[in-house]
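The values are calculated or read from the model by the stated rules, or taken from the named source; none is laboratory data. Just so you know, these numbers come straight off a predicted model, no measurement behind them. With ideal geometry, Cβ positions are generated from the backbone for all residues, glycine too; neighbour counts draw on all protein chains shown.
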Amino acid sequence: MDSRWRSVLTVAPYLVLALLVAFLVLTQWARPERLAPMLVLCAAYGLWVLVMRTLPFRWHDRPAAVAVFLAGAIVLNLLLVLRDGTFGFLAIATFSFAYSLADWPWELLPVAGTAVVAGLAQSSGFRGDPAGTIGTAAVILLNIAVMCGMSFGLHRAEKSLHRAAVQDERARLAREIHDTLAQGFTGIITQLQAAEQAPDEDARRRHTDAALALARDGLAEARRSVQALRPTALEQTSLADALSGVALSWSARTGIPAAVSVSGTARPLPTETEVALLRTAQEALANVERHAAARRVTVALGMDDGRVRLEVRDDGRGFDVVDRVQREPGRSGGYGLIAMRERLEAAAGALQVDSRPGRGTVVRAEVPA
């Protein structure tokens with residue numbers, strides 16, 4: 001349960017009860033024979049909530065304890081309503097407990113019970129004749145239908161939110177796996193293939209060490225991705241410095257010169273925005289390494305007019321953008337563009353890829369600052 005909602009549930013019953021007690025004392029002060037029993041019932045309701053929910057007892061969340069608490073709260077609320085219909089307002093607190101503590105579909109029982117109490121309070125002014133009895137029954141049934149319908153609606157909404165959260169988490173993990181494990185495996189394979197073809201032992205060792213470093217970095221990033229933490233490159237540095245470090249290590253491994261330029265006034269950015277831009281640069285560089293056969297790469301980061309722009313440009317062989325995007329995810333290059341676009345859209349940004357065979361490639365990302 002959200003901590004703010006938990007705080008509301010902790011305070012609201014006492015606040016509503018205090019207001020009702022103050023109103024009761026003001027209106028019934030001259031009738032102590034009526035006031036005293038009501039105050040006893042109010043104290044019993046407050047103590048019941050205090051002991052059964054507020055005080056830190058370990059058995060609070062056991063199903064049996066929840067059932068006993070809800071039954072007791074409904075009965076005490078009912079006794080108060082039978083003496084004074086104004087205490088129907090206390091059903092607000094009782095409803096909140098029923099909605100939040102009982103599991104579906106069992107929550108319908110305390111919700112319906114509280115709806116009966118609320119209906120009796122609302123019809124407390126009806127006469128005792130047949131018309132009044134029918135009216136009371138109609139009000140009670142209407143309360144049950146409305147409140148149980150609300151319970152059902154909340155349950156459906158919660159399930160929809162849960163499904164959406166699961167889908168979002170799957171998409172996040174898919175992007176993170178692509179950005180960490182897939183890129184790392186590609187680099188490791190490239191280095192091991194280079195080690196097999198190395199002309200001497202020193203070159204072979206250099207490529208092997210690079211493969212081991214990639215494996216360690218990939219493992220660390222995979223662990224951080226599962227835990228939804230910031231990438232290591234951004235942990236204690238700015239986005240501009242992180243991009244420079246990524247480009248430097250990429251250039252050292254591939255032998256392709258990569259120049260990084262930064263323009264505009266640096267400003268703090270949301271973590272999601274920084275991660276999206278860093279992953280976009282990493283994916284663009286990985287694509288250059290795998291496909292472009294480029295001789296030079298430039299990475300430009302610009303910050304101005306409330307926007308942040310990232311551009312990765314290479315002078316490689318280029319490709320047909322429409323054909324690449326239409327490929328199925330999982331085939332070479334297909335998921336990379338999709339993952340970049342999804343990341344940027346999640347940060348309210350956009351991706352543009354300009355490329356033609358033989359003319360190089362430009363990857364542009366833009367997000368709000």
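What the table shows:
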read-out	value
Test set (1) over 21 Å from Trp106 (Cβ atoms); (2) touching a Gly at 6+ places or on another chain (Cβ under 8 Å); (3) not assigned by TED's automatic domain parsing to the domain that holds Asp103 - Ile140 fails condition number	(1)
Residue list for segment 35-55, filter: without any contact (Cβ under 8 Å) to a residue 40 or more places away in the chain and farther than 22 Å from Val66 by Cβ	Leu35, Ala36, Leu39, Val40, Cys42, Ala43
Only one of Val275, Val297, Val353, Val308 that is β-branched (Val, Ile, Thr) and either out of contact with any Pro (no Cβ under 9 Å at 6 or more places or on another chain) or at pLDDT below 80 (or both)	Val353
Failed item in (1) in a strand (DSSP E or B); (2) modelled with pLDDT under 80, with Leu337 passing the rest	(1)
Pick from segment 55-69, criterion more than 13 Å from Leu101 (Cβ to Cβ) and hydrophobic (A, V, I, L, M, F, W, C), ranking: modelled with the lowest pLDDT	Trp59
Number of positions in segment 59-87 that are under 13 Å from Pro13 (Cα atoms) and out of contact with any helix residue (DSSP H, G or I) (no Cβ under 6 Å at 6 or more places or on another chain)	0
Matching residues in segment 246-265 - criterion: being surrounded by fewer than 13 Cβ atoms within 10 Å (Cβ to Cβ) and without any contact (Cβ under 8 Å) to a residue 40 or more places away in the chain	Leu248, Ala252, Gly255, Thr265
Any hit, segment 213-222, residues being among the basic types (Lys, Arg), modelled with pLDDT of 80 or more and either in a helix (DSSP H, G or I) or assigned by TED's automatic domain parsing to the domain that holds Leu277 (or both)	no
Positions within segment 92-133 being of a type in the set (A, V, I, L, M, F, W, C), under 20 Å from Met150 (Cβ atoms) and not in a helix (DSSP H, G or I), in sequence order	Ala102, Trp104, Trp106
Residues of segment 27-54 classified as modelled with pLDDT under 90, within 20 Å of Gly85 (Cβ to Cβ) and part of a helix (DSSP H, G or I), total	4
Subset of segment 298-317 [over 22 Å from Ala350 (Cβ atoms) and either touching a His at 6+ places or on another chain (Cβ under 9 Å) or in a strand (DSSP E or B) (or both)]	Gly316, Arg317
Conditions (1) free of Cβ contacts under 8 Å to residues at least 40 places away in the same chain; (2) closer than 26 Å to Val68 by Cβ; (3) hydroxyl-bearing (Ser, Thr, Tyr): number failed by Tyr99	(1)
Given (1) more than 27 Å from Gly125 (Cβ to Cβ); (2) of a type outside the set (Ser, Thr, Tyr); (3) without any contact (Cβ under 8 Å) to a residue 60 or more places away in the chain, index of the condition Leu9 fails	(3)
Candidates Leu161, Leu90, Leu154 - the one that is of a type in the set (A, V, I, L, M), under 23 Å from Leu9 (Cα atoms), within 28 Å of the chain's Cα centre (by Cα) and modelled with pLDDT of 80 or more	Leu154
Among the candidates Ala292, Ala276, residue that is touching an Asp or Glu at 6+ places or on another chain (Cβ under 6 Å) and hydrophobic (A, V, I, L, M, F, W, C)	Ala292
